[in-house]
Amino acid sequence: MARLLLGVSGGIAAYKALEAVRLAVKRGHAVRVIQTPASERFVARASFEAITGAPVLSSEFESDRARGAYPGEPMPERAPISHLALVERAEAFLIAPATANTLAKLAHGQADNLLTAAALAADCPVAVAPAMNSRMYTHPATAANLRLLRARGVTVVPPGEGDLASYSEHGIGRLAEPEHLLEACEAMLTPQSLSGARVLVTAGGTREPIDSVRFLGNRSSGRMGFALAREAVRRGAEVTAITANVTLVPPPRVRLQRVQTAAELAGACRRGLAYCDVLLMSAAVADFRPLGPVDAKLKKDEGVPRLELEATEDVLSQIAEMRRPDQIIVGFAAEHGTDAVALGRGKLERKRLDAIVVNDISRAGIGFESEDNEVTILAADGTERHVPHSRKERVARAVLDEVERLREARVGSDGARADTRSPARI
Ligand code: CTP
């Protein structure tokens, strides 16, 4: 995947950087670590070395046993001349935790240890994840340093709010969670091809009440919708997710709107439509709902109730009627059996969509409640793309590639995909 360089400065939160490295390695990235001498008081280099499988460096004067190679790469015959070999070859550089002291040095161009020297020499994208006591974080000096770094194109992964390391202190300054740290790296590695685009995603499955405790629902977990939201954010889009009964942890930087029923989802989609450029309708919306749900709990000894159902509205078809010509609308179709693609094409035309993502729900191990999917993406211009059995993250990438293709086709050659990623200068 990518060569990631992690700089760890001295803070109690250094242990969280270990977890971020573990996640990065699990996702296939080759990670090298530079520690400041102070950080070694919190986490020993042996821990990072065990997880990355490569030596950790902390001084400009020590030689690199791996000769500048990232894990998985052959070791060069000669040792690199420069102590900056690691940063020269990094595709992204994350400094986490970044203490107030390290941020101050970065903002003012100091290079008094290997980490700060590497930051000064970086021409790959750089992110800093501040972690410190809340009074240090909110001090005007730290705020000014972060403003300087942002102005130079450095990504700041904001700290969270909550209990801090100092006994009984609460406030802002906790290092961002490991998942968010990795997300920031992956966003830096991804061309910002949806920068400026507003994407509305629906995720999960609606629930239609029978009485005050029971409902008619479906098996959708929201995994596909969240994978789409995460990938759209990574490509620079502004993302809102309308989530129907999803219990998964939401991806970072996604605005959430929670709904339960098909009618609530319809209302949220109608309100959101005016403010989006792309709608990805991955929620499983109920087609029928109990007529006149009961406010109280139905009692067993009152006999078996007769459930009478009525149709819900087809949200997507109605939205497609209201759309602006520049908007891209993508539907999802869960079909059963070998006719899945043909049935999906019928839905694409009937619902007047730009594209539809079809999956065959008769196949085991994909679709509902699964981490994986296998889909065919059909577009209104006649193209058809099969995405073989893979993780939903990969399916999400294929869907957004298709969205980008459709957007480009709509705006013509002027709208050609632009890589707006620019390296940060520390
Ligand atoms: N959909 C919708 N409103 C509904 C039902 C479905 O907006 N009441 C949307 C889904 O979010 C999905 C697409 O329509 O993007 C196709 O959903 P699917 O359940 O496969 O199709 P249906 O139109 O419900 O048809 P059927 O269940 O008969 O296959």
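The values are calculated or read from the model by the stated rules, or taken from the named source; none is laboratory data. Computed from a prediction, not measured in an experiment: that's the story for all the values here. Every residue, glycine as well, gets a Cβ built from its backbone with ideal geometry; the counts of neighbours run over all protein chains shown.
Residue-level check: of (1) crowded, with 19+ Cβ neighbours inside 10 Å; (2) away from the ligand (no atom under 13 Å from the Cβ); (3) not acidic (Asp, Glu), Ala266 misses just (2).
Any residue in segment 164-174 that is modelled with pLDDT of 95 or more, more than 22 Å from the chain's Cα centre (by Cα) and of a type in the set (Phe, Trp, Tyr)? Looking through segment 164-174, none of the residues is modelled with pLDDT of 95 or more, more than 22 Å from the chain's Cα centre (by Cα) and of a type in the set (Phe, Trp, Tyr). Restricting segment 355-409 to residues that are hydroxyl-bearing (Ser, Thr, Tyr) and free of Cβ contacts under 8 Å to residues at least 40 places away in the same chain leaves a set whose member that is farthest from Asn218 (Cα to Cα) is Thr383. Residue by residue through segment 319-344, note down the ones that are in contact (Cβ under 8 Å) with a residue 40 or more places away in the chain and either farther than 17 Å from Tyr275 by Cβ or of a type in the set (A, V, I, L, M) (or both). If the condition is that a residue be in contact (Cβ under 8 Å) with a residue 40 or more places away in the chain and either farther than 17 Å from Tyr275 by Cβ or of a type in the set (A, V, I, L, M) (or both), then Ile319, Met322, Ile328, Ile329, Val330, Gly331, Phe332, Ala334, Val341 are the ones that fit. In segment 339-357, the count of residues that are part of a loop (DSSP other than H, G, I, E, B) and surrounded by fewer than 14 Cβ atoms within 10 Å (Cβ to Cβ) is one or more. Look at segment 270-283: where a residue is of a type in the set (Ser, Thr, Tyr) and a partner is in a strand (DSSP E or B) and near the ligand (Cβ under 9 Å from one of its atoms), sitting 6+ places away or on another chain with Cβ atoms under 7 Å, you get Ser282/Thr202; Ser282/Phe332. Of the listed requirements (1) surrounded by fewer than 21 Cβ atoms within 10 Å (Cβ to Cβ); (2) closer than 19 Å to Cys124 by Cβ; (3) within 23 Å of the chain's Cα centre (by Cα); (4) touching a residue at least 40 places away in the same chain (Cβ under 8 Å), Gly72 misses just one: (3). Gly236 meets all of the listed conditions (1) at negative phi; (2) surrounded by 16 or more Cβ atoms within 10 Å (Cβ to Cβ) but one, namely (1).
Every residue, every condition in (1) within 29 Å of Asp360 (Cβ to Cβ); (2) in the same structural domain as Leu182 (by TED's automatic domain parsing); (3) of a type in the set (Val, Ile, Thr); (4) in contact with a Phe, Trp or Tyr (Cβ under 9 Å, 6 or more places away or on another chain), yes or no:
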{"site": "Ala241", "(1), (2), (3), (4)": "yes, no, no, yes"}
{"site": "Thr247", "(1), (2), (3), (4)": "yes, no, yes, no"}
{"site": "Gln257", "(1), (2), (3), (4)": "no, no, no, no"}
{"site": "Cys269", "(1), (2), (3), (4)": "yes, no, no, no"}
{"site": "Lys299", "(1), (2), (3), (4)": "no, no, no, no"}
{"site": "Pro305", "(1), (2), (3), (4)": "no, no, no, no"}
{"site": "Ala320", "(1), (2), (3), (4)": "yes, no, no, no"}
{"site": "Gln327", "(1), (2), (3), (4)": "yes, no, no, no"}
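What number of residues within segment 1-28 are among the charged types (D, E, K, R) and buried (at least 24 other Cβ atoms within 10 Å of the Cβ)? Total meeting the criteria: 0. For segment 89-121, a residue qualifies if it is surrounded by 24 or more Cβ atoms within 10 Å (Cβ to Cβ) and of a type in the set (A, V, I, L, M, F, W, C), and the qualifying residues are Ala90, Ala92, Phe93, Leu94, Ile95, Ala96, Ala98, Leu103, Leu106, Leu115, Ala118, Ala119.
Restricting the search to strands (runs of 3 or more DSSP E) fully inside segment 277-338 and requiring at least 3 residues that are near the ligand (Cβ under 9 Å from one of its atoms) gives 328-335.
Listed here are the residues, each with its yes/no results for (1) farther than 30 Å from Asp295 by Cα; (2) surrounded by 21 or more Cβ atoms within 10 Å (Cβ to Cβ).
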site	(1), (2)
Ala151	yes, no
Val156	yes, no
Asp163	yes, no
Ile172	yes, no
Cys185	yes, yes
Leu194	yes, yes
Pro209	no, no
Asn218	no, no
